[in-house]
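Below: one structure, written as structure tokens.
The values are calculated or read from the model by the stated rules, or taken from the named source; none is laboratory data. No experiment lies behind these values; they were computed from the predicted model shown. Ideal geometry is used to build each Cβ from the backbone, glycine not excepted, and the neighbour counts take in all protein chains shown. For accessibility, only protein heavy atoms count, side chains too; no ligands or nucleic acids. Shrake-Rupley method; radii C 1.70, N 1.55, O 1.52, S 1.80 Å.
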Amino acid sequence: MADHQPLLEQLKVVFFEEADEGLAVMESGLLELDPGSADSEAINGIFRAAHSIKGGAGTFGFAGISSFTHGMETLLDQIRSGQAQLTSPRIKALLHAVDHLRLLVEAARSGGKVDETRTDAVRKEIEREIEGHDTKVVPAVVATPGPDARPNVWSIIFEPNPAMMRSGNDPYLLLRELSSLGRATIEVDSTRLPPLEAFDPELIYLSWRIHLEGPRDEKTIREVFAWVEDECRLVIERQAAAPEVVVAVAPAQTNPTTPRPPQDPPVEQERRKTDLGSIRVSIDKVDALVNMVGELVITQSMLGQIERNFDLGKLSRLRDGLNQLERNTRELQESVMRIRMLPIRFIFSRFPRMVRDLSDQLGKDVELTMLGEGTELDKTVLEKLGDPLVHLVRNSVDHGVELPEQRRAAGKPGRGTITLEAFHQGSSIVIEIRDDGGGLKTDRILAKARAAGLIAADVQPNPEEINDLIFSPGLSTADKISDVSGRGVGLDVVRRNIRELGGNVSVSSEPGRGTTFTIRLPLTLAILDGQLIKVGDQTYILPLVSIVESIAMRPDQINAIAGRAEMYRLRDEYLPILRLHQTFGLAGGSQDHAGRLLVVVEGNGQRLGITVDDLLEQQQVVIKSLDTNFRRVDGVSGATILGDGTVALILDVAGLIAFAKGEGKKCSTTPTSSGRPWEAPQRRVDNI
Amino acid sequence: MPTLLFAMASILAVDDSPSMRALVYATLTNAGHRVLQASDGVEALTVAKTEAVNLVLADVNMPNMDGITMVRELRMMSDYRFTPILMLTTESATDRKKEAKEAGATGWLVKPFDPEQLLATIRKVIT
């Protein structure tokens, strides 16, 4: 019906999301299945996913998807009922079908097209696997028989079983429906009625004889009684044909779902980026939000009461109220941010398949272990994290884990292990990709780096610095370019992508034991716990998590090394010092450290002392991107607007540490203006 | 609106598929009914215990508790001995239909269905 179309259009979005989830469930479920031993709950889950996609596709007018899924559903149903064995060709066929189904869903979403011959090929592959497949698989479509041309008069006897109402069927409703088919005369037969004392109100003692003029065929009438055909005696007889006056109005089971025209012949499949769009939120999170708003309303009315007839005696109550308001606001903010959080499972789920395919292709034996899949992170981060992670996992399979014979020669089991783990650490999320392969070949990396001119011949970097070189542009250590990685996109792109998310990626490696890539990301992009610091007349913000401690500086603990580089002796450790006055080119920066504070910060496992004039308050700040309005500046991750309306830059600790190290190395050269990347945005922001 | 011809009912929609629930919810709410939702049999029983439900629409294949077990459980509750329970099922699943009937289901609605078919079927069981 036409007025239902907008509704179906709206709900299509929900269907697509659900189909995506269903596909992920099917894929990960299939990958976990072992041929031979059928885990019934796993198969049930896969079956249900296929079943839901089929049902939804039919309802929302994607006949192609629905009929394609039908074969999968049939095969899965046979497997779960034990009618068909779970064999690896069957798993493979189902995986192919999942892949193809994904294309079909994507095409339906974007209005693109899928190669039909391919669809047929995959469908046939599935059909071959169906037990007794010679009985043709027909998509579930209700057949509409051509109506008999003659209008007719029918005599119907309907005698329900006494207990028919126990299935929730009411004879009155059946008779009402029957009457809607034409002109009906109904006679009741009450001869079976018992005496009153034996009467059970839950049983039916009546039966009916109906004279009906209208329906053209018996099927229409039988459909009225379809639900109770096992619970009654039903006799339907055709009487003499009625004179040609009756026009049958049979609102029977036609199938108004207009099937989509078959998808057009092979053209390239168009894939649309689905970055934006809706987000599904669990009821718990919404409930928490509603509670929070409730409390906020209470606080507001409390403050309102204080405000009426205010006198100084109410000051402490006002302060309490404001504290409560602050707490409410923070909790509300946290709840709202939590809505944007999704489990990392959404990206992890693609890896079992990928690792399996890749290791087959490379002749390797790799087991993938995934931990912390429920770790949640911001949706925006999650969406942009996919590509870098894929790259790193590919990299581990391709370059990390060795061939089985090499592994055995090195005294390790032939099967390699790659571990993907996600966990929270403070307000960051850490993702580790660990392999137990051969580790990085530092000598080879160094040789390549020298050849590429990244490292001067006389500089001898330490192992950590060498490892870090693999993130430099234009350095591929693979001896041969394989099909899997090394296609021009390097780890430098990975690092750039991760940095764009406000995070960082590092690598550590042990020869012969394996390599670990560590990605650190902020939990959410939008809000940060910050420590406000005063440098000269400027206020900056340091992320609270990166601060280790703050101390009053003692000039006698400062050692100048090789000219300008300075180290501070803190207990038994020497820390490089970064003077923010100088680095930022601020006026009034004297060389004298006396009276200043040293803030010890940590990033990427390294420490740095930053000299500041004062520590101001700690507060949560909303991060505004500088990149969108200006450009990316090393050492500054963004800006925020403070309570008094002034703009403060948020410092990027990892960037500052890298800068301080560069400063140390370049000590003999004159710093150029480009070595002061803060100046330009500084002025720019001041002008706001 | 021909759909307002019958009285408003309290309908419990049970399906693990959010899009199906959304479709049922939107269609029936538009037609003036009150729609309660549950995503599996266990949830449905909880709702059925706390709310007065005039009609149950349930999927057959669901996690935790499937639709057929749910029907059996509902029929054991005194408030639901005669309540219409319609199964949302696929044409191919003839055996399941029979199983559902034996468990005490009233009837079924064959998937895929569109809003109009849903309303037509509901009309069959609402007085």
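Hey, what did segment A:152-238 get for relative contact order, percent, Cα under 8 Å, at least 6 apart?
53 percent
Roll a 1.4 Å probe over the protein heavy atoms and report the accessible area of A:I347 in Å², nearest 10.
Approximately 0 Å² for this residue.
Starting from the Cα of A:L454, step 7 Å along the direction of its Cβ; do the same at A:K624; then give the gap between the two resulting points in nm.
3.7 nm
For chain B, what does the relative contact order come out to in percent, with C-alpha contacts under 8 Å and a separation of six or more?
24 percent
I want to check the label-to-label distance for A:I641 and A:R317. Put each point 7 Å from Cα in the C-beta direction and report it in nm to one decimal.
Computed distance between label sites A:I641 and A:R317 equals 3.4 nm.
Leaving out ligands and nucleic acids, and using a 1.4 Å probe, what accessible area per residue does segment A:343-522 come to in Å²?
Values: 8340 Å² over 180 residues.
With all protein chains present, segment A:343-522 gives 46 Å² per residue.
Computing the accessible area with a 1.4 Å probe over protein heavy atoms, can you report the carbon and sulfur percentage for segment A:1-120?
Reported share for carbon and sulfur atoms: 51 percent.
Note down the net charge around A:I429, summing +1 for each Lys or Arg and -1 for each Asp or Glu among other residues with Cβ under 12 Å from its Cβ.
Numbers: positive: A:R520; negative: A:E376, A:D378, A:E421, A:E432.
Residues close to A:I429 contribute a combined charge of -3.
Tell me the accessible surface of A:H96 in square angstrom (1.4 angstrom probe, heavy atoms of protein chains only), to the nearest ten.
Number for this one is 60 Å².
What ratio of Cα Rg to 2.2 N^0.38 Å holds for segment B:20-121?
Cα-based Rg divided by the globular estimate yields 1.00.
Distance from a point 7 Å along Cα→Cβ of B:D79 to each backbone N in segment B:46-65: keep the residues under 15 Å and list them by number.
Correct set: B:46-56.
I'd like to verify something in chain B: which complete DSSP H helices, judged by Cα projection on the helix axis, reach 15 Å or more and average at least 0.0 on the Kyte-Doolittle scale?
Values: long enough: B:18-30 (17 Å, 0.32); B:115-125 (16 Å, 0.04).
Qualifying helices: B:18-30, B:115-125.
Apply the a/c threshold of 1.5 to the C-alpha gyration tensor of segment A:324-482 and tell me whether it is rounded, prolate or oblate.
Numbers: a/c = 2.71, a/b = 1.54, b/c = 1.76.
Because a/c hits 1.5 or more and a/b fails to exceed b/c, segment A:324-482 counts as oblate.
What FRET efficiency would be calculated for the residue pair A:V286, A:A447, taking the C-beta separation as r and a Förster radius of 41 Å, to the nearest 0.05?
On the way: r = 57 Å, r/R0 = 1.40.
Calculated value: 0.10.
Please arrange A:F630, A:F346 by accessible surface area, largest first, computed with a 1.4 Å probe and ligands excluded.
Correct descending sequence by accessible area is A:F346, A:F630.
What does the structure give for B:9-21 when I average, per residue, the other chain Cβ atoms found within 10 Å of the residue Cβ?
4
Quote the relative contact order of segment B:76-127 in percent (integer), defining contacts as alpha-carbon pairs under 8 Å separated by 6+ residues.
Numbers: 35 pairs, mean separation 19.5, N = 52.
Relative contact order for segment B:76-127 comes out at 37 percent.
Between A and B, buried accessible area summed over both sides at probe 1.4 Å, in Å² to the nearest 100?
Values: alone 37270 and 6560 Å², together 40310 Å².
Looking at A and B, the buried total is near 3500 Å².
Note down the nm distance, to one decimal, between modelled labels 7 Å out along Cα→Cβ at A:V188 and at A:R209.
Calculated label separation equals 1.6 nm.
Could you sort A:E27, A:E602, A:E373, A:E229 by accessible area so the largest value comes first, with the probe set to 1.4 Å?
On the way: A:E27 15, A:E602 80, A:E373 60, A:E229 120 Å².
Solvent-accessible surface, decreasing: A:E229, A:E602, A:E373, A:E27.
Let me confirm one metric for peptide B:114-121, namely the mean number of other chain beta-carbon atoms within 10 Å of its residues' beta-carbons.
5
For a Förster distance of 41 Å, can you work out the FRET efficiency between the beta-carbons of A:T329 and A:L7, rounded to the nearest 0.05?
Working: r = 38 Å, r/R0 = 0.93.
The pair A:T329/A:L7 has a calculated efficiency of 0.60.
What whole-number value in cubic angstrom gives the convex hull volume per residue for the C-alpha atoms of segment A:2-129? Before the final figure, lay out the partial values.
Details: hull volume 12.2 nm³, N = 128.
Looking at segment A:2-129, the number lands at 95 Å³ per residue.
Using just the Cα positions, wrap segment A:152-238 in a convex hull and report its mean projected area in square nanometres, one decimal place.
Reported value for the Cα convex hull: 5.3 nm².
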